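Peer 1: Provided herewith is a single structure, encoded as structure tokens, for subsequent inquiry.
The values are calculated or read from the model by the stated rules, or taken from the named source; none is laboratory data. The model shown is predicted, which means the values in this text are computed figures rather than measured ones. Every residue, glycine as well, gets a Cβ built from its backbone with ideal geometry; the counts of neighbours run over all protein chains shown.
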Amino acid sequence: MITIEELKKEFNKLKDKPKFEKQLEFSSLLTEYLASKNIHPIIVGGLSVEIYTRDDYHTHDIDFVSEGWDLFNEVLLSLGFDKIQRVWYHKDFEIAVEVPSSQLEGSKEHVYELTLPSGRKIYVIGVEDIIIHRVEGVSFKNYPKEDEDYEWAYRMFYIHKDNIDMHYLIKKAKESNIFHLIEGWL
């Protein structure tokens with residue numbers, strides 16, 4: 001269990017780390033602190049894509065799905081973040097955090113628990129669900145297969161195809177009416 005004072009000390013050590021490492025380590029510190037309050041944030045959005053593409057994709061913020069929005073607010077403000085609408089931003093550390101929802105749009109059974117080199121843990125939306133989300137996001141466009149989000153979804157699929165739950169991916173794609181967009185990958 002990490003206290004708020006320990007969290008502040010560990011956070012300050014991250015200032016000069018590369019962006020991706022800083023985002024991951026900060027996420028793990030926040031996850032460890034919130035776990036002591038029985039809150040388990042899950043990384044979604046761009047940072048999950050960056051994780052699954054092995055730092056090939058780049059994002060500027062950390063999106064979490066989590067309960068405890070008020071606790072996020074309290075902790076982030078105490079760490080020196082500014083609140084700007086729905087986003088907390090730390091100017092000196094160049095870290096932005098958003099909690100767009102308390103409900104995971106996907107399967108909790110497919111969430112990955114990753115242990116970082118520091119020994120701390122993070123939780124990341126399942127690769128199957130982030131692939132579905134990226135393809136859903138472009139499915140309404142005239143040429144969805146030409147969109148970069150479609151390309152990133154395909155890259156995640158290709159990188160992780162040996163570990164993907166294909167039955168689940170196909171089922172979710174059919175439920176979302178996007179199977180025709182990924183059928184060629186199979």
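Peer 1: Any chance the stretch 52-62 includes a residue that's closer than 26 Å to Thr3 by Cα, in contact with a helix residue (DSSP H, G or I) (Cβ under 9 Å, 6 or more places away or on another chain) and modelled with pLDDT of 95 or more?
Peer 2: Within the stretch 52-62, one or more residues are closer than 26 Å to Thr3 by Cα, in contact with a helix residue (DSSP H, G or I) (Cβ under 9 Å, 6 or more places away or on another chain) and modelled with pLDDT of 95 or more.
Peer 1: Can I ask one more? Would you confirm whether or not the stretch 133-150 contains a residue that is hydrophobic (A, V, I, L, M, F, W, C), under 21 Å from Phe64 (Cβ atoms) and surrounded by 16 or more Cβ atoms within 10 Å (Cβ to Cβ)?
Peer 2: no
Peer 1: Next question, about the same structure. Give me a count of the residues in the stretch 76-109 that are over 17 Å from Leu47 (Cβ atoms) and not in a loop (DSSP other than H, G, I, E, B).
Peer 2: The qualifying residues number 7.
Peer 1: Same structure, new question: Going residue by residue through the stretch 4-25, is there one that turns out to be acidic (Asp, Glu), buried (at least 18 other Cβ atoms within 10 Å of the Cβ), within 21 Å of His110 (Cα to Cα) and modelled with pLDDT of 95 or more?
Peer 2: Checking the stretch 4-25: not a single residue is acidic (Asp, Glu), buried (at least 18 other Cβ atoms within 10 Å of the Cβ), within 21 Å of His110 (Cα to Cα) and modelled with pLDDT of 95 or more.
Peer 1: While we're looking at this one, here's another question. What do you reckon, is Ile170 of a type in the set (Val, Ile, Thr) and part of a helix (DSSP H, G or I)?
Peer 2: In short, yes.
Peer 1: Limited to the stretch 127-152, what total is found for residues that are in a loop (DSSP other than H, G, I, E, B) and in contact with a Lys or Arg (Cβ under 9 Å, 6 or more places away or on another chain)?
Peer 2: Qualifying residue count for the region: 1.
Peer 1: Let me ask another. So which residues in the stretch 99-153 are more than 13 Å from the chain's Cα centre (by Cα), among the hydroxyl-bearing types (Ser, Thr, Tyr) and under 21 Å from Met166 (Cβ atoms)?
Peer 2: Hits for the stretch 99-153 are Ser107, Ser139, Tyr150.
Peer 1: Another question, then. Go through (1) surrounded by 12 or more Cβ atoms within 10 Å (Cβ to Cβ); (2) of a type in the set (D, E, K, R); (3) in a loop (DSSP other than H, G, I, E, B) for Glu50 and report which single condition fails.
Peer 2: (3)
Peer 1: Taking Asn73 as the residue in question, decide whether it is outside any helix (DSSP H, G or I) and modelled with pLDDT under 95.
Peer 2: So Asn73 fails the test.
Peer 1: Out of everything in the stretch 173-186 that is surrounded by fewer than 18 Cβ atoms within 10 Å (Cβ to Cβ) and assigned to a loop (DSSP other than H, G, I, E, B), what residue ends up being modelled with the lowest pLDDT?
Peer 2: The extreme case among them is Leu186.
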